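Undergrad: Can you read through this structure? Questions will come right after.
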Amino acid sequence: MSNTITINGQDTVADVPAEMPLLWFLRDTLELTGTKYGWGMALCGACTVHIDGEAVRSCVTPVSAAFGKSVTTIEGLSTDGSHPLQIAWLKNNVPQCGYCQAGQIMSAADLLSKNPDPSVDEIHAAMQGNICRCGTYVRIRSAILDAAQSMKEA
Amino acid sequence: MNSLLSNTSLNRRDFLKSSGLALGGLTIAVSFPLGTLAAGDEAGFAPNAWLHIAENGDTTLWCGRCEMGQGISTALPAAVADELEADWSRVKVLQADGHKDKYGPQGTGGSRSINEMLEPMRKAGAAGREMLVAAAAQSWAIPAAECKAHNHQVTNTRDNRVMGYGELASLAATLPVPADPTLKTREQFRYIGKPLQRHDQAEIVTGERTYGADVKLPGMKYGAVRHVPVMGGSVKSFDASALEGMQGITAVLEIPRFEDPYGTVGGVAVVADNSWLALEGAKKLQIDWEAGPHGSYETEAYKAELVKHVEAPGEKVFERGTPDQALADGTVRLSGTYVGGHLSHSPMEPMASAAWVTDDRCEIWASTQDPQGIQRTIAALLGREEQDIIVHVMMAGGAFGRKFQCDYVTEAVALSQAVKAPVQLTWSREEDTRTGYYHSCSAQHIEAALDKDGQLTAWLHRAAFPPISSLFNPTVTRPGEGELVRIIKHPYGIEHVRIESGEAIAHTRIGWYRAVYDIFWGFAINVFTNELAEKAGKDPLDLYRSIYANNKDPEQVEAAQRSLAVVNKAAEMGSWGKTLPAGQGLGIAVHHSYNSYTAMVVHAERDGDNIKVLRVDCAVDCGLVLNPDIAAAQMEGAVIMGLGFALRTEVRFKDGAVINSNFHDYPVLRIQEAPPVINVEFIGQDYRSTGLGEPGVPTFAPALANAIYAAGGPRYRSLPFKAGA
């Protein structure tokens with residue numbers, strides 16, 4: 001199989017061992033550091049990216065799982081920070097330290113792409129794998145509801 | 001491949017006394033000369049280390065305190081910009097490198113940044129404004145009084161001509177720096193007190209904000225380490241044969257213990273071409289550990305010992321009046337024992353630092369709360385001068401007190417020196433969980449009495465916990481007066497008081513965890529006060545009110561009044577006393593710490609062991625609020641963190657080592673458990689500004705414990721509520 005991955009729209013050859021986690025290929029090889037290492041066991045969601053539009057935990061996803069596919073990271077979610085979730089995150093001043101927020105936003109983007117009008121319980125179900133230690137959960141909830149609203153109006 | 005890293009300078013250096021800062025959360029008054037060093041040599045206007053205005057008007061402000069999400073790198077520069085009359089949209093904020101002479105003390109903890117730095121920062125901005133005005137006055141040959149600075153320009157009030165700050169920069173730079181510039185009055189503030197957006201939010205939501213773990217350098221290698229699991233233990237031997245043949249491994253190295261409070265416990269490290277190889281390589285190492293003198297530490301047994309120590313007479317630390325007599329004479333008497341477990345800070349970004357050491361240079365990029373601590377520690381490690389250790393302060397992906405100590409930097413430096421290349425060291429989550437500077441476990445015993453008039457007249461408080469001072473002086477066997485100061489000075493103002501300290505020898509490294517000892521003071525005092533109210537047949541709010549109203553200690557008048565005001569405000573916000581359905585309850589708590597005051601009313605629901613927080617109302621007095629949105633976020637975070645350690649999280653030891661490893665067994669709070677509503681209101685804004693990074697943390701857990709009891713649940717006297725569950 002070809003080891004080419006389309007990353008944020010750019011075809012990229014993954015000249016690394018197939019079992020290398022996608023996270024470290026992104027961070028160390030490509031120096032796309034927006035995707036974070038938090039816990040390394042799919043426990044915290046800081047490393048969340050999309051493969052063909054589906055949210056995955058890149059810390060436990062071998063790079064080979066993305067061969068021939070399209071990967072979107074926080075750097076590629078929008079070209080100019082204009083994704084409704086990014087705007088809603090700013091409107092609600094969600095981030096404190098911000099380290100988990102790329103993963104939070106990527107998980108939320110996956111949720112809204114499948115469920116444009118989520119209930120609070122549905123937000124909880126989709127977001128419970130993303131940990132924030134600063135305690136921004138109340139604002140994350142509000143921001144996702146705001147983004148859903150603005151996408152409806154758009 | 002198995003080269004052994006050895007370094008002859010790894011000897012203990014006797015700076016323990018000087019580095020024992022802020023033990024027990026004491027606030028240290030700071031004064032240092034400002035404006036002696038300019039920002040740099042570049043053209044433009046740089047009257048002091050905090051600001052630079054280029055000839056095109058672009059303005060750079062430096063933040064000397066470290067950013068870890070608390071918003072200080074917005075709040076303090078915004079105060080400079082306000083006094084400078086700068087246009088915030090023209091301002092770029094940079095994080096200052098470690099530099100004592102330029103930036104004064106930079107250690108960021110104890111909720112001290114605003115308390116210590118607000119006035120110096122305002123003066124720095126005001127000095128700049130006065131110089132720009134003076135430059136304009138000189139250009140127009142009119143008195144300065146007839147020039148007015150506003151929004152990045154100065155207006156000639158005679159003819160309404162204007163000159164921009166950029167135009168004025170070169171001339172202003174030639175003028176004397178005023179020693180005592182005039183500060184704005186509150187009505188003149190444009191940014192202070194306003195919900196200005198943090199300067200870095202847009203970078204965060206696009207993934208551009210770089211943290212300590214994100215630093216990339218030319219030719220950089222990546223490190224991973226496995227630490228000695230027991231304090232004082234060592235590496236007996238290790239076998240790296242499983243790594244043979246692995247491509248991309250640079251070196252396997254033993255890192256010796258560096259006997260320094262901020263040093264390293266030692267371990268074995270793998271340096272490789274990327275983090276994955278380093279982490280995988282470290283996992284494959286076979287290491288034989290020597291446990292050392294603390295190899296039998298076991299938390300449950302230890303906490304039981306602490307309980308014994310506080311339920312028997314201890315060492316008297318403070319006494320006022322005749323507490324034994326007053327207890328004996330009391331009409332209502334109560335005693336209670338409260339226990340708390342170790343906590344791990346577990347910031348989302350594990351310990352991470354990049355270091356590049358050459359024969360004549362040492363440069364460090366670190367997520368840190370204390371760049372000067374790094375300079376001190378690494379200078380000792382390498383046998384170089386502190387000012388030769390260059391520390392770039394990176395955004396910390398959470399810290400909560402953990403990144404005050406720089407063991408991870410020590411290790412990155414040792415690895416870089418050994419492999420002669422820049423090294424980025426990121427700890428695995430397991431190492432982060434197991435190699436902490438933990439929040440101390442604790443036991444407290446309180447006995448108190450109300451007299452025949454229902455007044456709280458006697459209070460005996462015994463506390464035992466391994467104190468942070470044990471980190472700096474291993475012969476410490478119990479908390480001392482400095483570490484008990486907040487119960488000595490607790491604003492209850494009781495007439496007859498005795499504070500006693502119980503033995504508690506440290507068997508692990510103890511550090512500052514957000515709110516430090518106030519977590520256990522706030523919990524025990526508030527739960528006990530609610531129990532006392534129940535025993536006296538009083539509403540707890542009424543008991544708080546009568547205690548504060550009767551505080552006759554002249555040194556505590558203000559603290560008692562402000563405590564009373566926040567507890568009244570929280571009660572009002574949370575509709576204290578309202579009727580609730582069965583299974584629901586309201587709980588109340590108030591705490592004064594780090595010069596600020598917080599009170600909370602928690603509305604909780606219980607269904608068996610299942611606890612749900614429905615609403616939290618927080619009343620806060622931290623004086624004048626610099627940025628209400630950032631301040632409210634600190635309180636929301638305090639509630640979430642408090643809920644986590646109330647319900648579940650505890651670091652436990654067995655055979656001297658931490659049992660927990662990752663989030664599955666250190667289950668911090670997730671979104672579905674976060675309260676639907678957290679209301680925050682600020683009062684007392686006529687007082688001077690004080691910090692809010694920590695003061696909310698001690699208040700939530702006791703308010704929740706009281707709410708659960710009010711809802712018909714058990715009376716929880718430990719943190720977490722169900723210890724060992």
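Undergrad: Please find, within segment B:223-249, the residue that is farthest from the other protein chains (Cβ to nearest Cβ) out of those that are in contact with a Leu (Cβ under 9 Å, 6 or more places away or on another chain) and either assigned to a loop (DSSP other than H, G, I, E, B) or under 24 Å from B:Thr358 (Cα atoms) (or both).
TA: Step one: list which residues in segment B:223-249 are in contact with a Leu (Cβ under 9 Å, 6 or more places away or on another chain), which gives B:223-226, B:238-240, B:242-243, B:246-249.
Remaining after also requiring either assigned to a loop (DSSP other than H, G, I, E, B) or under 24 Å from B:Thr358 (Cα atoms) (or both): B:223-225, B:240, B:246-249.
Values: B:Gly223: 12, B:Ala224: 11, B:Val225: 14, B:Ala240: 20, B:Met246: 10, B:Gln247: 8, B:Gly248: 9, B:Ile249: 13 Å.
Among residues in segment B:223-249 that are in contact with a Leu (Cβ under 9 Å, 6 or more places away or on another chain) and either assigned to a loop (DSSP other than H, G, I, E, B) or under 24 Å from B:Thr358 (Cα atoms) (or both), the one farthest from the other protein chains (Cβ to nearest Cβ) is B:Ala240.
Undergrad: Going by what's in this entry, would A:Trp39 be described as facing chain B (nearest Cβ under 8 Å), surrounded by 16 or more Cβ atoms within 10 Å (Cβ to Cβ), hydrophobic (A, V, I, L, M, F, W, C) and within 30 Å of A:Val138 (Cβ to Cβ)?
TA: Yes, satisfied.
Undergrad: Let me ask something else about it. For B:Gly693, state whether it is in a loop (DSSP other than H, G, I, E, B), within 14 Å of another protein chain (Cβ to nearest Cβ), within 22 Å of the chain's Cα centre (by Cα) and within 30 Å of B:Leu76 (Cα to Cα).
TA: On the way: in a loop (DSSP other than H, G, I, E, B): yes; within 14 Å of another protein chain (Cβ to nearest Cβ): yes; within 22 Å of the chain's Cα centre (by Cα): yes; within 30 Å of B:Leu76 (Cα to Cα): yes.
Here the answer is yes, as B:Gly693 does meet what is asked.
Undergrad: Of all the residues that make up segment A:1-36, how many are of a type in the set (Ser, Thr, Tyr) and more than 10 Å from chain B (Cβ to nearest Cβ)?
TA: Counting residues in segment A:1-36 that are of a type in the set (Ser, Thr, Tyr) and more than 10 Å from chain B (Cβ to nearest Cβ) gives 4.
Undergrad: Taking interchain pairs and intrachain pairs at least six residues apart, which have beta carbon atoms under 8 angstrom, with the first residue in segment A:57-79 and more than 15 Å from A:Thr33 (Cβ to Cβ) and the second among the aromatic types (Phe, Trp, Tyr)?
TA: As it stands, the answer is A:Val63/A:Phe25, since those pairs meet every condition given.
Undergrad: Find the residue count for segment B:206-222, including only residues that are outside any loop (DSSP other than H, G, I, E, B) and more than 9 Å from chain A (Cβ to nearest Cβ).
TA: 2
Undergrad: Which residue is surrounded by the most Cβ atoms within 10 Å (Cβ to Cβ), if the candidates are limited to segment A:42-53 and must be within 11 Å of chain B (Cβ to nearest Cβ) and among the small types (Gly, Ala, Ser)?
TA: A:Ala46
Undergrad: Right, another one. Go through segment B:278-301 and count every residue that is crowded, with 19+ Cβ neighbours inside 10 Å and either aromatic (Phe, Trp, Tyr) or assigned to a loop (DSSP other than H, G, I, E, B) (or both). Can you show your working first?
TA: The first filter runs over segment B:278-301 and keeps only residues crowded, with 19+ Cβ neighbours inside 10 Å, leaving B:278-282, B:285, B:289, B:291, B:297, B:299.
Subset that is either aromatic (Phe, Trp, Tyr) or assigned to a loop (DSSP other than H, G, I, E, B) (or both): B:285, B:289, B:291, B:297.
Number satisfying all stated conditions: 4.
Undergrad: Hey, does segment A:123-145 have a residue that's at positive phi, more than 11 Å from every other protein chain (Cβ to nearest Cβ) and surrounded by fewer than 19 Cβ atoms within 10 Å (Cβ to Cβ)?
TA: Looking for residues that are at positive phi, more than 11 Å from every other protein chain (Cβ to nearest Cβ) and surrounded by fewer than 19 Cβ atoms within 10 Å (Cβ to Cβ), one finds none in segment A:123-145, hence no.
Undergrad: Ok, one more. Which condition does B:Asp180 not pass, out of (1) within 18 Å of B:Ala149 (Cβ to Cβ); (2) among the acidic types (Asp, Glu); (3) not in a loop (DSSP other than H, G, I, E, B), if it passes all the others?
TA: With (1) within 18 Å of B:Ala149 (Cβ to Cβ); (2) among the acidic types (Asp, Glu); (3) not in a loop (DSSP other than H, G, I, E, B) applied to B:Asp180, the lone miss is (3).
Undergrad: Sticking with this structure for a sec: In segment B:436-481, which residues are part of a loop (DSSP other than H, G, I, E, B), touching a Ser or Thr at 6+ places or on another chain (Cβ under 6 Å) and within 25 Å of B:Glu300 (Cα to Cα)?
TA: Once the filter is applied, which keeps residues that are part of a loop (DSSP other than H, G, I, E, B), touching a Ser or Thr at 6+ places or on another chain (Cβ under 6 Å) and within 25 Å of B:Glu300 (Cα to Cα), segment B:436-481 yields B:Gly436, B:Phe465, B:Pro466, B:Val476, B:Arg478, B:Pro479.
Undergrad: Answer yes if at least one residue in segment B:713-724 is within 14 Å of chain A (Cβ to nearest Cβ), polar (S, T, N, Q) and in contact (Cβ under 8 Å) with a residue 40 or more places away in the chain, and no otherwise.
TA: The answer is no; no qualifying residue exists.
Undergrad: Ok, one more. Quick check on segment B:646-659. Is at least one of its residues without any contact (Cβ under 8 Å) to a residue 60 or more places away in the chain, assigned to a helix (DSSP H, G or I) and crowded, with 20+ Cβ neighbours inside 10 Å?
TA: For segment B:646-659, residues without any contact (Cβ under 8 Å) to a residue 60 or more places away in the chain, assigned to a helix (DSSP H, G or I) and crowded, with 20+ Cβ neighbours inside 10 Å: absent.
Undergrad: Determine which member of the set A:Leu77, A:Leu112, A:Leu85, A:Leu90 is more than 11 Å from chain B (Cβ to nearest Cβ), out of contact with any Phe, Trp or Tyr (no Cβ under 9 Å at 6 or more places or on another chain), within 26 Å of B:Gly637 (Cβ to Cβ) and not charged (D, E, K, R).
TA: Result: A:Leu112 is the single residue among A:Leu77, A:Leu112, A:Leu85, A:Leu90 that is more than 11 Å from chain B (Cβ to nearest Cβ), out of contact with any Phe, Trp or Tyr (no Cβ under 9 Å at 6 or more places or on another chain), within 26 Å of B:Gly637 (Cβ to Cβ) and not charged (D, E, K, R).
Undergrad: In segment B:660-684, what residues are part of a strand (DSSP E or B) and farther than 16 Å from A:Gly135 by Cα? Give the steps one after another, and end with the answer.
TA: Step one: of segment B:660-684, the residues part of a strand (DSSP E or B) are B:678-682.
Listed by number, the residues that qualify are B:Glu681, B:Phe682.
Undergrad: Need the failing condition index for B:Arg190 against (1) within 11 Å of chain A (Cβ to nearest Cβ); (2) among the basic types (Lys, Arg); (3) surrounded by 15 or more Cβ atoms within 10 Å (Cβ to Cβ), just the number.
TA: (1)
Undergrad: I'd like to check which strands (runs of 3 or more DSSP E) are fully inside segment B:302-377 and have at least 1 residues that are of a type in the set (D, E, K, R) and closer than 25 Å to B:Lys535 by Cβ.
TA: The strands (runs of 3 or more DSSP E) meeting that bar are B:315-320, B:332-340.
Undergrad: Right, something else. Considering A:Val56, A:Val120, A:Val60, which residue is of a type in the set (Val, Ile, Thr), over 14 Å from B:Thr206 (Cα atoms), within 12 Å of the chain's Cα centre (by Cα) and surrounded by fewer than 23 Cβ atoms within 10 Å (Cβ to Cβ)?
TA: Just one listed residue meets the conditions, A:Val56.
Undergrad: Mind listing whichever residues of segment B:544-557 are outside any loop (DSSP other than H, G, I, E, B) and either within 31 Å of the chain's Cα centre (by Cα) or of a type in the set (Val, Ile, Thr) (or both)?
TA: Listed by number, the residues that qualify are B:Tyr544, B:Arg545, B:Ile547, B:Tyr548, B:Pro554, B:Glu555, B:Gln556, B:Val557.
Undergrad: Is it true that some residue in segment A:77-85 is over 27 Å from B:Val668 (Cα atoms), surrounded by fewer than 20 Cβ atoms within 10 Å (Cβ to Cβ) and not small (Gly, Ala, Ser)? Give the steps one after another, and end with the answer.
TA: Filtering segment A:77-85 down to residues over 27 Å from B:Val668 (Cα atoms) leaves A:77-84.
With the extra rule that they be surrounded by fewer than 20 Cβ atoms within 10 Å (Cβ to Cβ), the set shrinks to A:78-82.
Filter once more, so that each one left must be not small (Gly, Ala, Ser): A:79-80.
Yes, segment A:77-85 contains at least one residue that is over 27 Å from B:Val668 (Cα atoms), surrounded by fewer than 20 Cβ atoms within 10 Å (Cβ to Cβ) and not small (Gly, Ala, Ser).
Undergrad: Out of curiosity, is B:Glu503 within 14 Å of chain A (Cβ to nearest Cβ), surrounded by fewer than 23 Cβ atoms within 10 Å (Cβ to Cβ), within 27 Å of the chain's Cα centre (by Cα) and at pLDDT 95 or above?
TA: On the way: within 14 Å of chain A (Cβ to nearest Cβ): no; surrounded by fewer than 23 Cβ atoms within 10 Å (Cβ to Cβ): yes; within 27 Å of the chain's Cα centre (by Cα): yes; at pLDDT 95 or above: yes.
Judged against the criteria, B:Glu503 is not a match.
Undergrad: Next up: Being in a strand (DSSP E or B) and either under 30 Å from B:Ala399 (Cβ atoms) or among the hydroxyl-bearing types (Ser, Thr, Tyr) (or both): is that true of B:Ala524 here?
TA: no
Undergrad: Just to be sure I understand, how many residues within segment A:28-55 are over 10 Å from A:Thr73 (Cα atoms) and either of a type in the set (S, T, N, Q) or at pLDDT below 95 (or both)?
TA: Matching residues across segment A:28-55 total 6.
Undergrad: Still on this structure, I have one more. Would you check which residues across segment B:549-577 are of a type outside the set (A, V, I, L, M), touching a Lys or Arg at 6+ places or on another chain (Cβ under 9 Å) and buried (at least 19 other Cβ atoms within 10 Å of the Cβ) and list them?
TA: B:Asn568, B:Gly574
The values are calculated or read from the model by the stated rules, or taken from the named source; none is laboratory data. If you're wondering where the values come from, they're calculated on a predicted model, not measured in any experiment. All Cβ positions, glycine included, derive from the backbone under ideal geometry; neighbour counts span all protein chains shown.
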